[in-house]
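S.K.: Take this structure, written in structure tokens, and hold onto it; I'll ask about it next.
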Amino acid sequence: MAIQRTVLQTIPIPELPGWESRLVLLEYPPGFSAPIHDHPVSATGFVLQGKVISQWQGGVDETYSSGDSFIDHGERTHIRSENANRTEPLKMLMSYVIKAGEPNVRMK
């Protein structure tokens, strides 16, 4: 099992040549924990369904549930990103302003 990442929309930003706004749907299987990773830029996240437990390097566990928004820190190692539910999937929307064509996640 793995995280399913679906790019829902990309929109070029004329005021920032070479950059785009990107909306991504993330779906975690029940009980799934993402490998350690980071992001080239910060993102705004929104939990559509379920509950996620996150921790960034140097921080503490933070839990977000359906209807919560959060910041996915860029350039900080994301050491924990876990679906807290063992029976239901987790669904989140992520919104990035990122260089066109650049991956929004980098595995460590």
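We did not get these values from a lab; they are worked out from the coordinates using the rules stated. Worth saying up front: this structure is predicted, and the values here are computed from it rather than measured. Cβ coordinates were reconstructed from backbone atoms using ideal geometry, including for glycine residues, and neighbour counts include every protein chain displayed.
S.K.: Which residues does a label at I71 reach in region 37-54, if reach means a backbone N under 11 Å from a point 7 Å past the Cα toward the Cβ?
M.R.: 42-44
S.K.: Which residue, L25, L16, L93, tops the fluctuation ranking in a GNM of the chain built on C-alpha contacts under 10 Å?
M.R.: L16
S.K.: Measure out, as a whole number of angstrom, how far apart the alpha-carbon centroids of region 34-48 and region 70-89 sit.
M.R.: Measuring centre to centre over Cα atoms gives 7 Å.
S.K.: OK, next. Just to be sure I follow the definition: excluding the sites themselves, where is the longest run in the chain that has none of the GluC sites (Glu not before Pro) in a DSSP loop with at most 12 other Cβ atoms within 10 Å?
M.R.: My reading of the result: 16-74 is the longest stretch.
S.K.: Dividing the alpha-carbon Rg of the chain by 2.2 N^0.38 Å yields what?
M.R.: Relative to the 2.2 N^0.38 Å estimate, the chain comes out at 1.04.
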